[in-house]
Ligand code: UTP
């Protein structure tokens, strides 16, 4: 048994990034020269995922357009002697199976995941929030293994300073974290007051869920912000069977807000094999820091 499907919820309104996201879905905002969504797909493929299910809104057709054939662009690239880019364009949406499900209104993350139920079927699956970029596929790969071996859902975890927990979902752990970073979870709390937080371990936007989560989602009542919250469905799972977290010290960027997106672009651009050297020179000039 392996986890081979990943759901990417992409039907939200992206209000923190308006007005850019009025016409361009935040999932397609460029990280240097690729859409953020492509980096999420690359991470999934690196963790062994073979089928991507994008939960989209009918108001964001640009996401489907990214995967559509573009013969005129490919012809132009070949004619102008750029066969490698032509090949890269041809592979989009073909190097991994991509399906779409639709959410008719942005009723919350729990609802968005529930919209993928028929496409996912009765098997464990990953959920990847496309506005959280991770440096590697390692975390998701380990989470898939833990889900298969434990038979329960798994969340990705990161440790943050105590005074920052109030902005996140936080777990209540059972016992110690083992040498592989795996910890059993008793409960999850959404955006707790710092004094009430059961730990300093926050849930980052990676989940590997057993399909009984769909039943819990079906019974969700509107929670925080009037939305159907995925965390509330996960609490039902944590209260009734095995549930684990995997802790990693990942460099994680929240590209859903302007400062997080800028940090991701700047840091990744400095390391970019093609654009990095020229960008570093330019940034040195801008900030007047010769040692950058
Ligand atoms: P966010 O809350 O970060 O995205 O949800 P948002 O609602 O689009 O953004 P803001 O807060 O208004 O700026 C995390 C992910 O879940 C998806 C979003 O598209 C985003 O990728 N999502 C959220 C849905 O697909 N449906 C929803 O109802 C809510």
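The values are calculated or read from the model by the stated rules, or taken from the named source; none is laboratory data. Just so we're clear, the structure is a prediction, and the values are computed from it rather than from any experiment. Because the Cβ atoms are built from the backbone with ideal geometry, glycine has one as well, and the counts that use them run over all protein chains shown.
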Next on the checklist: If residue 68 satisfies all but one of (1) more than 13 Å from the ligand (Cβ to nearest atom); (2) in contact with a strand residue (DSSP E or B) (Cβ under 9 Å, 6 or more places away or on another chain); (3) modelled with pLDDT under 95, what's the number of the condition it fails?
Outcome noted: (2)
Next on the checklist: Which count do you get for residues in the stretch 232-277 that are assigned to a helix (DSSP H, G or I) and either within 15 Å of the ligand (Cβ to nearest atom) or free of Cβ contacts under 8 Å to residues at least 40 places away in the same chain (or both)?
Outcome noted: 16
Checklist outcome for this item: Pairs returned, first residue in the stretch 18-36 that is free of Cβ contacts under 8 Å to residues at least 60 places away in the same chain, second residue that is buried (at least 16 other Cβ atoms within 10 Å of the Cβ) and part of a strand (DSSP E or B), beta-carbon separation under 6 angstrom, 6 or more apart or interchain, are 28/35
Checklist outcome for this item: Going through the stretch 181-192 in order, the residues found to be in contact with a helix residue (DSSP H, G or I) (Cβ under 7 Å, 6 or more places away or on another chain) and either within 16 Å of the ligand (Cβ to nearest atom) or modelled with pLDDT of 95 or more (or both) are 182, 185, 186, 187, 188, 190, 191
Checklist outcome for this item: Here the residues within the stretch 202-231 that are within 14 Å of the ligand (Cβ to nearest atom) and not in a loop (DSSP other than H, G, I, E, B) are 203, 204, 205, 206, 207, 217, 224, 225, 226, 230, 231
Next on the checklist: Within the stretch 13-39, take every residue that is crowded, with 20+ Cβ neighbours inside 10 Å, within 16 Å of the chain's Cα centre (by Cα) and closer than 23 Å to residue 105 by Cα and give me the one that is nearest to the ligand (Cβ to nearest atom).
Outcome noted: 14
Checklist outcome for this item: Counted residues in the stretch 278-292 being surrounded by fewer than 14 Cβ atoms within 10 Å (Cβ to Cβ) and outside any loop (DSSP other than H, G, I, E, B) come to 7
Checklist outcome for this item: Residue count, the stretch 81-117, condition in a helix (DSSP H, G or I), within 16 Å of the ligand (Cβ to nearest atom) and surrounded by fewer than 16 Cβ atoms within 10 Å (Cβ to Cβ), comes to 0
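For the stretch 182-190, check the following and say yes or no: at least one residue is in contact with a strand residue (DSSP E or B) (Cβ under 7 Å, 6 or more places away or on another chain) and not in a strand (DSSP E or B).
no
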Item to check | Residues located in the stretch 131-146, provided they are touching a helix residue (DSSP H, G or I) at 6+ places or on another chain (Cβ under 7 Å), farther than 11 Å from residue 44 by Cα and in a loop (DSSP other than H, G, I, E, B) | outcome: 131
Next on the checklist: What's the number of the only condition in (1) over 22 Å from residue 232 (Cβ atoms); (2) out of contact with any strand residue (DSSP E or B) (no Cβ under 9 Å at 6 or more places or on another chain); (3) within 16 Å of the ligand (Cβ to nearest atom) that residue 161 fails to meet?
Outcome noted: (3)
Checklist outcome for this item: Given the conditions (1) more than 16 Å from the ligand (Cβ to nearest atom); (2) surrounded by 15 or more Cβ atoms within 10 Å (Cβ to Cβ); (3) at negative phi, every one holds for residue 48 apart from (3)
